[in-house]
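Remarks on the structure that follows.
The values are calculated or read from the model by the stated rules, or taken from the named source; none is laboratory data. As the structure is a computational prediction, the values presented were derived from the model and not from experiment. Reconstructed Cβ throughout: ideal geometry from the backbone, glycine too, with neighbour counts over all protein chains shown. Quick note on the areas: whole protein, heavy atoms, side chains included, nothing else; ligands and nucleic acids left out. Shrake-Rupley method; radii C 1.70, N 1.55, O 1.52, S 1.80 Å.
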Amino acid sequence: MRVAVYSTRPYDRDAIERASTQRRHTFVYLEARLDTTTVATATGADAVCAFVNDHLDAEVLRGLQRLGVRLLVLRCAGFNHVDLAAAAALGIAVGRVPEYSPYAVAEYTAALVLTLNRKIHRAHARVREGNFALDGLLGFDLHGRTVGVVGTGKIGECFCRIMAGFGCHLLAFDPRPNPACEALGARYVPLPELLAASDIVSLHCPLTPQTRHLIDAAALAGMKHGAMLINTSRGAVLDARAAIDALKSGTLGSLGLDVYEEEGDLFFRDLSAEVIHDDVFARLLTMPNVVVTGHQAFFTEDALAAIAGVTLANLDAFEATGTPAHPVSVERIV
Ligand code: NAD
């Protein structure tokens, strides 16, 4: 098949080329994000391969169908950015990478916890200036603290295991409790109880209509005073404006973000010579107790190799059977 690969960076191309040992498909690599202005570049493609910030709404999908595209393969687990109902109506099959490395994201989440708690981001900047004072860098022992995990699927479970290793108490919230987390000592409680009792809250649920702004002003007000919040799931699970208010009032003690609701206009690009127009995002960057990274939690060599391998498997299976190896269907929207 001829596959147009959108939002490609050199590391994506390398991983796909390494995984593509059989050379069954022809890949056309495009740096551009897939949206209404770039959809025409899929001309001649049988399939498109897309990433987290490509626009896959009904209009783009209609454009793809008109060009003869029959398959959309996502290089990610989340599919909140795809209009699945439109894809089904247009006869475009959708595949994804349901699991590549839960370790990559869970370990990165732990890195954000440690960075914020021990102020490593500030210490690093200080030492480079020749400032070795410790004032303002005081942290706390993770051992014995309570960590609340919202969403205990593959990544949440892995994160529970890591935090159990630190000697933390675990609280969990998930409509589908995971016995492996319970075996680690996690206690499932309603969300308000988790928020009220946790020193650290980490979000690992998918973005669905039910989880959009799951952590809003009311939820933040219900958190333990001065608690830490980490979001490595999807930006819109957190209301960032409400988080700014909670940080200003001190309700929220620190915030670690690897995802942001409006990240599509920012992330995966070098904007260092440009003015950031998003005032909410810019305000977050000014705060000493906020660490923001540009959706890099997944970014390990192991995860990239796994993503490329599963993407190839989706393409091969579709060619052989008409269905990708890991299909996403409209019924999956919970
Ligand atoms: P998963 O499907 O294994 O687990 C998600 C869990 O969330 C499930 O147990 C589900 O029952 C639960 N859930 C659903 N609705 C919920 C709700 N309303 N409240 C609480 N829990 C709810 O998915 P995963 O592989 O663990 O990934 C979790 C999320 O992490 C993905 O959906 C994706 O958005 C995000 N992610 C981010 C990165 C990154 O680089 N930052 C990388 C991969 C995945």
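Out of all the residues in the stretch 202-219, which are touching a strand residue (DSSP E or B) at 6+ places or on another chain (Cβ under 6 Å) and outside any loop (DSSP other than H, G, I, E, B)?
SER202, LEU203, ILE215
Among what's in the stretch 148-201 and is part of a strand (DSSP E or B) and in contact with a Leu (Cβ under 6 Å, 6 or more places away or on another chain), pick the residue that is farthest from ALA303 (Cα to Cα).
Of everything passing the filter in the stretch 148-201, ARG187 is farthest from ALA303 (Cα to Cα).
Would you tally the residues in the stretch 54-104 being aliphatic (A, V, I, L, M), over 18 Å from ASP35 (Cα atoms) and touching a His at 6+ places or on another chain (Cβ under 8 Å)?
Going through the stretch 54-104 one residue at a time, the tally reaches 1.
Could you list, in sequence order, all residues of the stretch 68-89 that are more than 23 Å from the chain's Cα centre (by Cα) and surrounded by fewer than 17 Cβ atoms within 10 Å (Cβ to Cβ)?
Matches in the stretch 68-89: GLY68, ALA88, ALA89.
Yes/no matrix, rows are residues, columns are (1) without any contact (Cβ under 8 Å) to a residue 24 or more places away in the chain; (2) within 16 Å of the ligand (Cβ to nearest atom); (3) acidic (Asp, Glu):
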| residue | (1), (2), (3) |
| --- | --- |
| ALA227 | no, no, no |
| ALA242 | no, no, no |
| THR251 | no, no, no |
| GLU261 | no, yes, yes |
| SER272 | yes, no, no |
| ALA282 | yes, no, no |
| MET287 | no, no, no |
| VAL292 | no, yes, no |
| PHE298 | no, yes, no |
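Scan the stretch 113-135 and tell me whether some residue there is open to solvent by 60 Å² or more (accessible area, probe 1.4 Å), touching a residue at least 60 places away in the same chain (Cβ under 8 Å), near the ligand (Cβ under 8 Å from one of its atoms) and out of contact with any Asp or Glu (no Cβ under 9 Å at 6 or more places or on another chain).
no
In the stretch 297-332, how many are surrounded by 15 or more Cβ atoms within 10 Å (Cβ to Cβ) and part of a loop (DSSP other than H, G, I, E, B)?
8
Being within 16 Å of the ligand (Cβ to nearest atom), closer than 30 Å to LEU312 by Cβ and surrounded by 17 or more Cβ atoms within 10 Å (Cβ to Cβ) narrows it down to one residue among ILE155, ILE92; which is it? Walk me through it before giving the result.
On the way: ILE92 fails: within 16 Å of the ligand (Cβ to nearest atom).
Of the residues listed, the single one that is within 16 Å of the ligand (Cβ to nearest atom), closer than 30 Å to LEU312 by Cβ and surrounded by 17 or more Cβ atoms within 10 Å (Cβ to Cβ) is ILE155.
So, in the stretch 58-89, of the ones that are assigned to a loop (DSSP other than H, G, I, E, B) and within 16 Å of the ligand (Cβ to nearest atom), which residue ends up nearest to GLY44 (Cα to Cα)? Please lay out each step first, then the result.
First pass over the stretch 58-89, keeping only residues assigned to a loop (DSSP other than H, G, I, E, B): 67-70, 75-81, 83.
Then drop every residue that is not within 16 Å of the ligand (Cβ to nearest atom), which leaves 75-81.
Working: ARG75: 21, CYS76: 24, ALA77: 26, GLY78: 27, PHE79: 25, ASN80: 27, HIS81: 24 Å.
So the residue we want is ARG75.
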